[in-house]
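Report on the structure given below.
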Amino acid sequence: MFFTKDHEWIKVDGDVATVGISAYAAEQLGDVVFVEVPDLGKVLTVGDSLAVVESVKAASDVYAPVSGEVIEANGDLAAAPETVNADPEGAGWFAKLKIADPGQIAGLMDRAAYDAFLASL
């Protein structure tokens, strides 16, 4: 699992990346009340808005940590947005991307680097 400074996570399996927000991000947002996941087939570049999360505190964009095409979206979040709070780094994932440039993964933080980044905040 890898992380961005915007608190997205990515789990890579071959050429497919599952994307969500970190436990830290979910905690900072508070109770998630709405999630808008991307449309299938949407092509994203690094930093593009992948999804929108609304909580009792704020609405936030979730950004694509790598470039790719959306091949699956977690439609279960529409009916159960609280899943993002309950299991942010598991069942609360937002989308799966077919990775366009695997080299982009090298620019992300591993868990230890992300934990060190969080400690600096």
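Key figures
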read-out: Distant-in-sequence amide H partners of Glu72 (H built 1.01 Å from N, under 5 Å); value: Lys96
read-out: Reachable lysines, given that their alpha-carbon falls under 22 Å from the alpha-carbon of Lys42 and they are not under 8 places away in the same chain; value: Lys11, Lys96, Lys98
read-out: Sum of side-chain charges, Phe3 neighbourhood, beta-carbon under 10 Å (Lys, Arg +1; Asp, Glu -1); value: -3
read-out: For the range 30-45, 3J(HN,Hα) per residue [Karplus equation, 6.51 cos²θ - 1.76 cosθ + 1.60, θ = phi - 60°, Hz, x = Gly/Pro]; value: x, 5, 6, 10, 7, 9, 10, 8, x, 6, 4, x, 5, 9, 10, 10
read-out: Relative packing of peptides 15-21, 50-56, 84-90 - highest average C-beta neighbours within 10 Å first; value: 15-21, 50-56, 84-90
read-out: Inter-label distance for Ala106 and Leu118, nm, one decimal - labels placed 7 Å from Cα along Cα-to-Cβ; value: 2.7
read-out: Total formal charge among the other residues, if their Cβ is under 11 angstrom from that of Val33, Lys/Arg +1 and Asp/Glu -1; value: -2
read-out: Net charge of neighbours whose Cβ lies under 10 Å from the Cβ of Val53, counting Lys and Arg as +1 and Asp and Glu as -1; value: -3
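Any read-out appearing in this document is the output of simple, stated calculations on the displayed coordinates, not a laboratory observation. The shown structure was predicted, so the numbers you read here are calculated from the model rather than taken from an experiment. Note that each Cβ is placed from the backbone with ideal geometry, even for glycine, and that neighbours are counted across all protein chains shown.
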